[in-house]
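Shown next, in structure tokens, is the structure this report addresses.
The values are calculated or read from the model by the stated rules, or taken from the named source; none is laboratory data. Just so it is clear, the model here is predicted, and its values are computed rather than measured. Backbone-built Cβ (ideal geometry, glycine too); neighbour counts: all protein chains shown. Accessible surface areas use protein heavy atoms only, side chains included; no ligands, DNA or RNA. Shrake-Rupley method; radii C 1.70, N 1.55, O 1.52, S 1.80 Å.
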Amino acid sequence: MKRILTLCVIVLTVMTSVQAQTRKERKALFGSSFNYEVSTMGVGQDGTKIIKVWGYAKKADAAIVQAKKNAVAACLFRGLPGVSGANQAMATPAICKDPDAEEKNLDYFLDFFETGGAYLKFVNQTTDGVPAGQDKRKIKGGYKVAIYVQVMYDNLRKQMENDGIVRSLSTGF
């Protein structure tokens, strides 16, 4: 009996010391600007990248808008993963190498990513309308929608250089 009681106390102690995320922490991570899914589909012509990107929102149309923002944000802050197979493409590094670039230039990026903002100049949607099937999923609280977009990567980099957000590649080390 004494062993069972001791064992129960040890188990309870171990269980209470395990760190779990609170609901508030999970919601903060889900709402993070770095929480997006991106898959490289291939490399387009003239410095463009073709990617599949997901957006989350209460309505499918709003999820499409969010997916476009996520596509540009992935190019700017996280980079694009590589892909093997028929549409082989190397991983593409983030345009903003500084991990704090978004925070340092917060006002700039708030204007840039405003709905209908400048980010749209660098995105061509390659799918028309609201996707169906596996690319449109009903989730708790709304929709998860995938779209295929072409991001004008080189033009986006040039814009960031011109606006003083990143250093030009020709400036050296």
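Points to keep in mind about this one:
- Residues of the range 67-100 satisfying the condition of being of a type in the set (D, E, K, R) and within 14 Å of the chain's Cα centre (by Cα): LYS68, LYS69, ARG78
- The residue that is farthest from THR115 (Cα to Cα), counting only those in the range 53-64 that are surrounded by 17 or more Cβ atoms within 10 Å (Cβ to Cβ) and out of contact with any helix residue (DSSP H, G or I) (no Cβ under 8 Å at 6 or more places or on another chain), is ALA60.
- So ASP135, is it touching a Phe, Trp or Tyr at 6+ places or on another chain (Cβ under 9 Å) and under 15 Å from LYS52 (Cα atoms): yes
- GLN66 being at pLDDT 90 or above and not small (Gly, Ala, Ser): yes
- Scanning the range 105-156 for residues that are hydrophobic (A, V, I, L, M, F, W, C) and assigned to a helix (DSSP H, G or I), we see that the one that is most open to solvent (accessible area, probe 1.4 Å) is LEU110.
- Within the range 127-164, considering residues that are at pLDDT below 90 and β-branched (Val, Ile, Thr), the one farthest from TYR56 (Cα to Cα): THR127
- Some residue of the range 143-155 being of a type in the set (Ser, Thr, Tyr) and touching a Gly at 6+ places or on another chain (Cβ under 6 Å): yes
- Any pair with Cβ under 6 angstrom, 6 or more apart, that starts in the range 127-150 at a residue that is under 25 Å from GLY44 (Cα atoms) and ends at one that is open to solvent by 30 Å² or more (accessible area, probe 1.4 Å) and among the hydrophobic types (A, V, I, L, M, F, W, C): GLN150/ILE50
- Flag for ALA73 being small (Gly, Ala, Ser) and more than 22 Å from GLY44 (Cβ to Cβ): no
- Within the range 65-104, being in a loop (DSSP other than H, G, I, E, B) and surrounded by 19 or more Cβ atoms within 10 Å (Cβ to Cβ) holds for ILE95, CYS96.
- VAL166 falls short of the stated requirement of being surrounded by 14 or more Cβ atoms within 10 Å (Cβ to Cβ), within 20 Å of ILE50 (Cβ to Cβ) and either under 19 Å from the mean Cα position of the chain (by Cα) or not small (Gly, Ala, Ser) (or both).
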